[in-house]
Amino acid sequence: MAKIELLAKFTQIALPNSHPLLKKVLHYAKKHFSQCHMLSSSLLILNDTECFKKNYLLNWVYHALECTHEKDISMHSLEEVLQKSHLPIRIKIINQNTL
């Protein structure tokens, strides 16, 4: 299930590896963030001080998931998610068999 979570040290975008949005999110991240690191085959950390870019990414993902009628996009409102944009963003790629 795709969702956005606010954790203590970062904001997490969790997407299944088969989700149509995943490829676009990874492309945007690699293109627009200076500090973009692949830590393993399943997750990516974005730690950039430019909150404008992170706000755009979070806003875009939130609304894209909302448009695809994903259930439980986040326990938090979009405003709460955007308030945490100063934190690093972790994009977690979930394998289908781990769901």
Query raised in the report: Which residue pairs have Cβ atoms under 8 Å apart, sit 6 or more places apart or on different chains, and have a first residue in region 11-39 that is of a type in the set (Gly, Ala, Ser) and a second that is exposed (fewer than 11 other Cβ atoms within 10 Å of the Cβ)?
Result: Ser18/Gln96
Query - Qualifying positions in region 54-99 - without any contact (Cβ under 8 Å) to a residue 60 or more places away in the chain, within 21 Å of Ala8 (Cα to Cα) and either in contact with a Lys or Arg (Cβ under 6 Å, 6 or more places away or on another chain) or of a type in the set (D, E, K, R) (or both) - result: Lys54, Glu79
Query raised in the report: Hey, any hits in region 59-78 for a residue that's aromatic (Phe, Trp, Tyr) and more than 15 Å from Ala2 (Cβ to Cβ)?
Result: no
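Throughout, read-outs are computed from the coordinates displayed, never taken from laboratory work. Bear in mind that the values here come from a model prediction, so they are computed numbers and not experimental data. Here Cβ is always computed from backbone atoms with ideal geometry, including for glycine, and neighbour counts include all displayed protein chains.
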